[in-house]
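The values are calculated or read from the model by the stated rules, or taken from the named source; none is laboratory data. Given the structure is predicted, the values throughout are model-derived calculations rather than measurements. Ideal geometry is used to build each Cβ from the backbone, glycine not excepted, and the neighbour counts take in all protein chains shown. To get the accessible areas, we keep the full protein, side chains included, count just its heavy atoms, and leave off ligands, DNA and RNA. Shrake-Rupley method; radii C 1.70, N 1.55, O 1.52, S 1.80 Å.
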Amino acid sequence: MAANSFTRMNIFVTGGAGYIGSICTEALLGAGHAVTVYDDLSEGHRSAVDPRARFVLGRPDEPGNILDAVKEARPDAVMHFAANALVGESMTNPKKYFHNNVANGLKLLDAAVECGVKKFVFSSTCATYGPPDRLPMTEDLPQCPINPYGESKLMFERMLQWYQRIYGLEFVAFRYFNAAGASERFGEHHRIETHLIPNVLRVALDQKPHCEIYGTDYPTPDGTCVRDYIHILDLAQAHMLGLAPGRQGFYNLGNGDGYSVREVVRMCEKVTGKTIPTVEKPRRPGDPPRLVAAAEKAVRELGWQPKHPRLEDIVATAWAWHEKHPNGYPD
Ligand code: UDP
């Protein structure tokens, strides 16, 4: 592609009413692409769907529903965000993860092949690696997930590789580290919130008396788990770069900086100016102690340039959104 040329694409976004999907949809539309959002609203919110997008209420368990929706949209590319994504829940309800993330995902993959989709962009995760034997984590590390969430995403990655080899489906799979932050308009609202930053911010909003710390005896400097937090707008940028023809493969998306749970809580105190009481709890099953990305491959091959790498800025954008939307989305 010439430097300034722009190809307007028609993109089918599953999970476009969810946290990451809604903000990627906003970015795609802002860049001039056309978007169909397909979402069953089990986790997402109707009001999180950018009004410039076409919305289809997904019914992935109805035979033919996904295929019909893809046929009607006739997309150039599919971005597949729709999934269940909670490590802890996957340890108690693995069935949900394999049915939705693998079986429903496969219906979408088949529909993409049948409809001649040129590019499939997949939301994968660092949870496909399991506890790494070295940090920061490059894409060639062994993938040995320790929870059904990571396993379900790895199964989908493997299906993608075979579909690429045999059907020629071009794909980019992004292994996200910990997505956080907000755009001006859209943010993170889960009906049952389990993620660290929004939970801490709810304490700052006086909606909870304290935040829980899951595990203080990990082999990390302060005993709490270390994660690599990545701004949602930087994730969105990577997705757009992944759309270019010929771009293909697996990419980590993170900043290369690890922050412990306690450090995140302290940063939230700094940004909000509030004291955040904490209560120490046992470890949450399925959590690896430390996950930190090496994302040089995305920088080198896709030209990805994270614009908001500082944890303080990430938390500040999340806080701005939560202050403006203390009860999240209305639906
Ligand atoms: N965590 C915590 N208290 C919370 C939520 C999360 O201590 O209220 C910990 C969790 O055990 C993990 C880290 O914070 O070590 C990040 O968890 P999150 O659920 O945000 O993302 P994950 O890494 O599971 O994708």
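Farther than 29 Å from Pro132 by Cα, in contact (Cβ under 8 Å) with a residue 60 or more places away in the chain and within 14 Å of the ligand (Cβ to nearest atom), is that true of Arg202?
Yes: the conditions hold for Arg202.
I need the full set of residues from segment 230-263 which are farther than 30 Å from Gln164 by Cα and out of contact with any Leu (no Cβ under 6 Å at 6 or more places or on another chain), in order please.
Asp257, Gly258, Ser260, Val261, Arg262, Glu263
Please find, among Ala17, Ala69, Ala103, Ala82, the residue that is farther than 24 Å from Leu302 by Cβ and either within 18 Å of the chain's Cα centre (by Cα) or part of a strand (DSSP E or B) (or both).
Exactly one residue qualifies, and that residue is Ala17.
Okay, residues lined up against (1) surrounded by fewer than 21 Cβ atoms within 10 Å (Cβ to Cβ); (2) touching a residue at least 24 places away in the same chain (Cβ under 8 Å):
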| residue | (1), (2) |
| --- | --- |
| Gly15 | no, yes |
| Thr36 | no, yes |
| Arg46 | yes, yes |
| Arg54 | yes, no |
| Arg59 | yes, no |
| Asn101 | no, yes |
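Out of the residues in segment 166-225 that are touching a Cys at 6+ places or on another chain (Cβ under 9 Å) and of a type in the set (S, T, N, Q), state the one that is surrounded by the most Cβ atoms within 10 Å (Cβ to Cβ).
Asn178
May I ask you to list the residues in segment 261-298 that are open to solvent by 70 Å² or more (accessible area, probe 1.4 Å) and under 30 Å from Gly30 (Cα atoms)?
Within segment 261-298, Glu296 is the sole residue that qualifies.
Which residue, of Gly258, Gly249, is modelled with pLDDT of 95 or more, touching a strand residue (DSSP E or B) at 6+ places or on another chain (Cβ under 7 Å), more than 10 Å from the ligand (Cβ to nearest atom) and open to solvent by 20 Å² or more (accessible area, probe 1.4 Å)?
Answer to the check: Gly258.
Could you check how many residues of segment 103-124 are open to solvent by 20 Å² or more (accessible area, probe 1.4 Å) and more than 21 Å from Asn84 (Cα to Cα)?
So the count comes out to 5.
Just name the residue that is farthest from Arg300 (Cα to Cα) out of those in segment 240-283 that are in contact (Cβ under 8 Å) with a residue 24 or more places away in the chain and of a type in the set (Gly, Ala, Ser).
Only one residue tops the list, namely Ser260.
Restricting the first residue to segment 180-199 and requiring it to be more than 18 Å from Pro51 (Cα to Cα), which pairs with a second residue that is open to solvent by 30 Å² or more (accessible area, probe 1.4 Å) and away from the ligand (no atom under 15 Å from the Cβ) meet a Cβ separation below 6 Å and a spacing of at least six or different chains?
Gly181/Thr317
Mind counting the residues in segment 85-95 that are assigned to a loop (DSSP other than H, G, I, E, B) and either away from the ligand (no atom under 16 Å from the Cβ) or crowded, with 19+ Cβ neighbours inside 10 Å (or both)?
First, pick out the residues of segment 85-95 that are assigned to a loop (DSSP other than H, G, I, E, B): 85-86, 93.
Add one more test, that the residue is either away from the ligand (no atom under 16 Å from the Cβ) or crowded, with 19+ Cβ neighbours inside 10 Å (or both), and what stays is 85-86.
Total satisfying the criteria: 2.
Being out of contact with any helix residue (DSSP H, G or I) (no Cβ under 6 Å at 6 or more places or on another chain), within 7 Å of the ligand (Cβ to nearest atom) and within 21 Å of Glu188 (Cβ to Cβ) is the filter here, so list the residues in segment 211-232 that pass it.
If the condition is that a residue be out of contact with any helix residue (DSSP H, G or I) (no Cβ under 6 Å at 6 or more places or on another chain), within 7 Å of the ligand (Cβ to nearest atom) and within 21 Å of Glu188 (Cβ to Cβ), then Glu212, Tyr214, Arg227 are the ones that fit.
Go through segment 317-331 residue by residue and tally those that are assigned to a loop (DSSP other than H, G, I, E, B) and free of Cβ contacts under 8 Å to residues at least 24 places away in the same chain.
1
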